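Structure first, then comments.
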């Protein structure tokens, strides 16, 4: 993307001021934005959290969090890796199965994602990972019983035959079009909830929008407010110490007083977009239950917004 930006500058020498905004996904040194690499996986996490937080949804058999939830993920590239890491480390989900094109690895207690990624980098495969059972050449990883299934690999990965055998309560489409039309009907007829790709994997595009805004305004994220936040938080910490007669906890002080780095602001903005978007989808489903599913509701909400512009 940096190369494309450079070529654009060469072809348009009169537009040097805003040429950095011609593409997104650039390295930080070339006008990129912190958190872009993790954004799609982070958006998957926020999408699931938004669904579970909404009491109008069935949740996970009534549960409203991912603590201990068995999770199967297909695909261990950028999206699958970040989604797996965030869900296991921050939401206490158990990633019990991770499937790739050459088979899958399984561990009922939950896989250690970062160690698995380092193993993949060293060997070129997730198979043979210590502490997990490997199933070489086995493509049935997505059919293993679980609370949450996240297909984050390729299009049409979940077809009708697989849908008949799947044992997931919630399917979260992190890839583009991972569930076929026929499989979608089968899963919904069995009471499986599907969060659509149109919404779930939008995190990368949202972060690209943030990068574009940063490039056009020529102002780093947080420049106008970071120090004000630090002063405000310092005032709050001091006031609490005076009122209680105790020192602010040392293990929390630095994080609390920090005004927020660019990546913190990107994550905050992404979470807000994913939450508000879910609210629009869920509101529409509540108002028009005849739409039938979240995929249709997401498309209707999007088309209406475009039409209103």
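The residues listed here are 136, 132; of these, the one that is in contact with a strand residue (DSSP E or B) (Cβ under 6 Å, 6 or more places away or on another chain) and surrounded by 22 or more Cβ atoms within 10 Å (Cβ to Cβ) is 132.
In segment 57-64, the condition of being part of a loop (DSSP other than H, G, I, E, B), within 25 Å of residue 178 (Cβ to Cβ), within 19 Å of the chain's Cα centre (by Cα) and free of Cβ contacts under 8 Å to residues at least 24 places away in the same chain is met by at least one residue. In this entry, residue 24 passes the filter for residues that are assigned to a loop (DSSP other than H, G, I, E, B) and not assigned by TED's automatic domain parsing to the domain that holds residue 126.
Criterion applied to 74, 45, 118 was being surrounded by 17 or more Cβ atoms within 10 Å (Cβ to Cβ) and out of contact with any strand residue (DSSP E or B) (no Cβ under 9 Å at 6 or more places or on another chain), and the one residue passing it is 45. Give the residues of segment 224-263 that are over 30 Å from residue 28 (Cβ atoms) and in contact with a helix residue (DSSP H, G or I) (Cβ under 7 Å, 6 or more places away or on another chain), sorted by residue number. Hits for segment 224-263 are 237, 247, 248. Check segment 90-106 and report whether any residue there is surrounded by fewer than 23 Cβ atoms within 10 Å (Cβ to Cβ) and within 29 Å of residue 222 (Cβ to Cβ). The answer is yes; a qualifying residue exists.
Conditions tested, residue by residue: (1) touching a residue at least 24 places away in the same chain (Cβ under 8 Å); (2) assigned by TED's automatic domain parsing to the domain that holds residue 111; (3) outside any helix (DSSP H, G or I); (4) closer than 15 Å to residue 147 by Cα.
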| site | (1), (2), (3), (4) |
| --- | --- |
| 43 | yes, yes, no, no |
| 46 | yes, yes, no, no |
| 49 | yes, yes, no, yes |
| 52 | no, yes, no, yes |
| 55 | no, yes, yes, no |
| 66 | yes, yes, yes, yes |
| 71 | yes, yes, yes, yes |
| 76 | yes, yes, yes, no |
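Considering segment 145-158, and only residues there that are in contact (Cβ under 8 Å) with a residue 40 or more places away in the chain and surrounded by fewer than 19 Cβ atoms within 10 Å (Cβ to Cβ), the residue that is nearest to residue 88 (Cα to Cα) turns out to be 145.
The values are calculated or read from the model by the stated rules, or taken from the named source; none is laboratory data. Keep in mind that what you see is a predicted model, and the values were worked out from it rather than measured. FYI the Cβ positions are ideal-geometry reconstructions off the backbone, even for glycines, and counts take in every protein chain you see.
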